[in-house]
Every structure is written in C-alpha cells, then in structure tokens.
Amino acid sequence: MGAFHCKSCQNGENVTNIFGHDGGERRRFIFGRRRSRSGSVRQTDSLVLQTLSIIKNLGLIENGTEAPEALRKLHWVADDGDGWIQVVLSMIHVIPLDDPLSPALITVILDDCPLPDKDTVMKLSQMLDLSNKTPKRKTVDQHRNICVILGILADKLPGPLSIALLTKDTLTYLFNNMDLQVHPSIILFSLIALEKFAQIRENRFTIETFMKTGPLAMLSIFERLTGSDQPFYAQVGFCAEWLLDNIFVDDQRTSSYLNISMEGVNAILNQEDASEYLKLGPSGLEARCDACSFESVRCTFQIDKGTWYYEVTILTSGVMQIGWSTRNSKFVNHEGYGIGDDEYSVAYDGCRQLVWHGARCTSCVSGRPWREGDTVGCLLQVEKPSPTATFYLNGQIVAFNDKIFQYAKTEFFAAASFMTFQQSRFNFGSKPFKYPPKGVKFSIMNDHGKLDAKEKTILPKQMRLGLLGLLGKQTADEDSCTICFDHKADVMLYPCKHEGYCENCAQQLTLCPVCRQLIDRFQESIPTTATPIVLVS
C-alpha cells in the first residue's frame, strides 16, 4: 500500500503551528523541534508514519514476528522522559484521521514503550494545554489522537499517575467534546477516555461529581444513537450505553437489557464463550473491543453438518478476523491469538485483505479493503464433496478456505476476533440477510437455534460478576500494591519514580516492573490526591 502521508506532515512549516503560539518551554519543545538523543522531531514523525505503513503491509501481522525497525527505534526514543513526550507529540501531529489502523497504531506504539514517571506525565499534560483557550487551534485529527492517547494512558498508568493526569483541564476538555456539533470520532474517543479514567475509584468519583452539572444528560442523548445506520454514531451510541450500564450507573435508570426485545432471537453471541474484555451489547448481536488486546467470541449455535450462512455489518474498518471456529480453538487475547490463529478456526480480515488459518495468512482472491457500513457474508459448507468456508463482501466472493476441514469435521461456531477500537453487528438470521448467496441452498442459525430467557439476557458486567460471586474477587482497593494486592502501595522506586508497590514487594525487586530500570533505592511515597474540581453553575 506504500507509505502513508497526511497534509500536516508534508509541509514542515505547517507542523510547527499545531498547538498555537503561547511561548515558554512548551513552545520550544513543540515548535522549536528540540532534539532528543535520537535526533529531530521530524525524524520521529517519520518513524511513526513508517510504522503505520509497515503494519498495513503485514509487518506486524504474524504472531511471533520481530517488531519492525521503525517501531524499535520509537521505543528507543521513548526510553527517557523527553523522548517519550516527543513520541507522543509526533503521534498527535501526524497520525491521520482517515486510516483505519490509526487508533490501533497509537496502542501498538505505547504498549511496549516504558511507562513515564509522574513528572513526565504532568509535563505532557501542561504541553497539551487542554484549557478552553486553545482547543479550536487543533485539527480534528489532533483532537482525536489526543483523546485516544488520554484513554490509553489512563488504562496503562498506575492509579496515582492516572489520577494526576485527570486534571481539571483534562476533564473539562473531555466533557466539552460531549457535543453533537463535535466530530463523532472526537466524541467517541472522549467517551472511551472517560471509561478508562473511571477504572480508578477516585477518578470515577471526580467524574461523577462533574457530571452532575450537565454532561450526564449528554450521555443519555448519545445513547439514543445506538443502532444508528451511520457507523460512527452507532459507535458513540454503543459506548454511551456501555458507560451508563456499567460505569456511571444511575439507580433511577433502567438497564438497557431490560428495554430490549429478544422475541424471535434464537442465536446470539455467547457471553459465556467470550474473552474477558470484549463488550457485548444488550442484544447479544453487537460486539466491541476497547482493550489493548485481541478479543474473541463465538456464537451460541453449534453446526455439525449442512450449509450455513450469517452476515456481519462492519462498523469500524480496522483489523477484525471474522469467520468460523470449533470448540478446540483457543482464544489467547493478550498474545494476539484469535479466530484463524490455530488449526481449528478460519477467518476473513477485510482490513488487510487476508484469510487466516493456523496463524498463517493468504491473500484474498478479489475485492477491496472493507469499509464502515460494509456487509461481510460467511458461508460454511461442512459436508462433502467440497467442504469449504467462503467469504463475501457486499455479496461478492472475496475469499475461501478448505484447509480447516483437515483438522475439524464438526462442532463449528460462527466466531470473530476484534483488535483495539473495533466493532461489528451480527445477523444470524433474526432479520433478512442483505446479500444471501445466490444459487446456494443454506440453513439459518436463528431458525434452528433455541435459547431460554436467561440465555438471551446480556447482563451488565458488574451485575453478572455479582451473580457469579466473582465481584469481590475481581475488585481490589485502588491503593493496593499492584503485585500482591494484599498491602497498601506506599513506596516510590528510584531513580525512575514509579509507584504502586508495597514495601514487602519493593524489597524483592531488582528492576522496576514498569520501565525495567535498575532500582537503587525506594522510599515512602507521598499520597496523591485528585485536583479538586470546582463546579460552576
């Protein structure tokens, strides 16, 4: 596909005007193109775009493949505080809005970079300058990238650093994005950032206090977009509904699963057979991943013989692997193994135009990359003379595979895997198909499936864990040691200044678990408190 460039990085002079013109250290760093130990900021910009191009051209696809040189260089640049900030700012500058892999690229780059210390986090916060005075000076691309980065950092940083990052300006910025006049991608990733921040109890209290002044009403408005035929707004609706059902729960609001009719629905995504961080909508027919992992799910209906078909509406055009799996197929979400990554599953990846089986890929026979709103069709012909899995894009055959039948003959399930920030809507036959295969007689899962009322109910996650008796086991105090969870995290490691550990665990450490830097001492840390939020009527 070649290198990908965007307007903001084609002209060096334009790049220097992104965040406005207020001076000081912020201006010298961003606009003066200050060098880190790796070279110029423009070189870092180039490495970011090279990494995007490589990912699109299969450089990171096969499990176990060594990271490309450009990505290794970025991780090297980010090894100190100023270099880490430089990498973050480069991602904000040059990652384009219209590339389907852009948000995932930010995840890939940050995932293996050393985590910053508190001083670096606060320095970045000051340099982003998210006050009301400056947001209009940024482009849609940059706003979207900032929101993605805030969400990823909120998810990855230890509790005290996440609390420190949620300043009054950060919170005000995210809530100012809760406006239907704002680009939907900015709304979407602001919602996701709020979700990630709210994983910390103290942050959640701060957000909920702030929401009482009005933003809660916007979530209710966004929730009405669920099911929209406009893919971006459908995502906004799904994420708003998820927040209201799972994070910012109001006792006066009826949970979504109680408002949805499941009459006539006899095959759905199986919440008992989904990896841990996958989000399922209350219909059981919509799934989304916002975790930094590869999340998977299978359908409730088992296929042993015959010919079967289902469809998937693509709401995001990034990496998903959609197809068929048996009971023997294993999901290893944190290692990137999903549908198509073992001998017992096969999947179509329309973003990269590949068919996956046994963790190996082959190119599609025809077609273009999938786009938001496209319909993927999956046909499985189990029996001889020619057992085959055939994949369609908007009714046109794009790929097929018969190798799975060398390993599996029965117990097939419709299945899919989702990379970060991906979402799709499934139809197992409860609604008419858009593109039924021509000249093929097939069975419909929904016509043959059977689910009782309990099996049709997709409970909010916290409610489900509570019913399973797992809620207490899944929850630890926010100030617990991140290693043992038994004692309070009360020490800071030096020289890296990372926190989140108790004295007992710190005594056993040689290297910091976060940045792998050698520890020369540790001492009691000063408790971090959230910045008070002043409510203005």
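Here are a few things to note about the model shown:
- Top-ranked residue in the stretch 279-301 [being touching a strand residue (DSSP E or B) at 6+ places or on another chain (Cβ under 6 Å) and outside any strand (DSSP E or B); ranked as nearest to Asn446 (Cα to Cα)]: Thr300
- Within the stretch 342-387, considering residues that are among the basic types (Lys, Arg) and surrounded by fewer than 18 Cβ atoms within 10 Å (Cβ to Cβ), the one nearest to the chain's Cα centre (by Cα): Arg371
- Per the conditions (1) over 13 Å from Gly237 (Cα atoms); (2) at pLDDT 95 or above; (3) out of contact with any Lys or Arg (no Cβ under 7 Å at 6 or more places or on another chain), the sole criterion not satisfied by Ile186 is (3).
- Members of the stretch 286-342 found to be in contact with an Asp or Glu (Cβ under 8 Å, 6 or more places away or on another chain) and basic (Lys, Arg), listed by number: Arg298, Lys305, Arg327, Lys330
- Scanning the stretch 321-338 for residues that are of a type outside the set (Ser, Thr, Tyr) and either at positive phi or modelled with pLDDT of 95 or more (or both) gives Gln321, Ile322, Gly323, Trp324, Gly336.
- Restricting the stretch 503-519 to residues that are without any contact (Cβ under 8 Å) to a residue 40 or more places away in the chain and either within 29 Å of the chain's Cα centre (by Cα) or assigned to a strand (DSSP E or B) (or both), the residue that is surrounded by the fewest Cβ atoms within 10 Å (Cβ to Cβ) is Leu518.
- A count restricted to the stretch 238-278 and to residues that are under 27 Å from Phe331 (Cβ atoms), within 19 Å of the chain's Cα centre (by Cα) and not in a strand (DSSP E or B) stands at 12.
- Considering residues of the stretch 348-398 that are aliphatic (A, V, I, L, M) and without any contact (Cβ under 8 Å) to a residue 40 or more places away in the chain only, the residue farthest from Asn427 (Cα to Cα): Val365
- The residues in the stretch 298-315 that are of a type in the set (Lys, Arg) and surrounded by fewer than 23 Cβ atoms within 10 Å (Cβ to Cβ) can be counted, and the count is 1.
- Condition met for Glu295 (surrounded by fewer than 24 Cβ atoms within 10 Å (Cβ to Cβ) and either within 30 Å of Lys384 (Cα to Cα) or not basic (Lys, Arg) (or both)): no
- Meets criteria (of a type in the set (A, V, I, L, M, F, W, C) and either crowded, with 20+ Cβ neighbours inside 10 Å or in contact with a helix residue (DSSP H, G or I) (Cβ under 9 Å, 6 or more places away or on another chain) (or both)) for Ile322: yes
The values are calculated or read from the model by the stated rules, or taken from the named source; none is laboratory data. Everything quoted here is computed from the prediction, not taken from an experiment. When we count neighbours, we look across all protein chains shown, and the Cβ atoms used for this are built from the backbone with ideal geometry, even at glycine.
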